[in-house]
1. Which FRET efficiency value, to the nearest 0.05, is calculated for Gln79 and Asn26 with the Förster distance at 25 angstrom and r the Cβ-Cβ distance?
2. Counting only helical runs of four or more DSSP H residues, what would the 222 nm mean residue ellipticity of the chain come to if each run contributes -39,500 (n - 2.57) and the total is spread over all its residues?
3. Give the residue list of trypsin sites (Lys or Arg not before Pro) in the chain that are DSSP loop and have at most 16 other beta-carbon atoms within 10 angstrom.
4. If you take the beta carbon distance between Glu44 and Gln71 as r and set R0 to 22 Å, what does 1/(1 + (r/R0)^6) give as a FRET efficiency, to the nearest 0.05?
5. Between Thr34 and Asn64, what length comes free when the chain is fully extended (0.36 nm per residue of separation minus the Cα-Cα distance, one decimal in nm)?
6. Would you calculate the separation in nanometres between label points at Ala16 and Ala101, each defined as 7 Å from the Cα along the Cα-to-beta-carbon direction?
7. Enumerate the calculated ³J(HN,Hα) couplings along segment 23-36 in order (Karplus 6.51 cos²θ - 1.76 cosθ + 1.60, θ = phi - 60°), each rounded to whole Hz, writing x wherever the residue is Gly or Pro.
8. In whole Hz, what ³J(HN,Hα) sequence does segment 93-103 give by Karplus (6.51, -1.76, 1.60; θ = phi - 60°), x for Gly and Pro?
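Rule-based calculations on the coordinates, nothing more; no lab input. Computed from a predicted model, the values in this text were never measured in an experiment. Glycine also receives a Cβ, built like all others from the backbone with ideal geometry; neighbour counts cover every protein chain displayed.
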Amino acid sequence: MPQFDVYKNPSKKSSAYYPYLVDIQNNYISELETRIVIPLGKAELFNNEAMTRLQISLSFDNENLLLMTPQISSISRKQLKKPVGSVAHLIQDIIDALDFAISGI
């Protein structure tokens, strides 16, 4: 499972708000049964406002989305089916958002 691949959110309940999940887990720990993910939320449901340095605004599949770093979570790897894309081009922005969440820097 390549790092920074995007998957459809398998949860019927939350996918209306968070249609996609970004797998941020490094493959060095691929033996785990879970993957660390960050949901992509529909920007219009959050007033199209991103929290500076913590959330990343992006367009994916013709939707304006926010990387919801504060909602970082894990999910069973079995629930992540076929990737629908990648946000690997945002690697440094994602790492910076995670670093800001953890260290405030």
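1. After rounding, the FRET efficiency stands at 0.85.
2. Values: 1 runs with 13 residues, N = 105.
When only DSSP H runs of four or more count, the value is -4000 deg cm²/dmol.
3. Loop-located and lightly packed - Lys12, Lys13, Arg53, Lys81.
4. The computed FRET efficiency comes out at 0.80.
5. On the way: separation 30, 0.36 × 30 = 10.80 nm, distance 2.74 nm.
8.1 nm is the gain from fully extending Thr34 to Asn64.
6. 2.4 nm
7. So the J values, rounded to whole Hz, are 7, 9, 6, 6, 6, 5, 10, 6, 6, 5, 7, 10, 10, 7.
8. Working through the residues one at a time gives 5, 5, 4, 4, 5, 5, 4, 5, 4, 8, 10 Hz.
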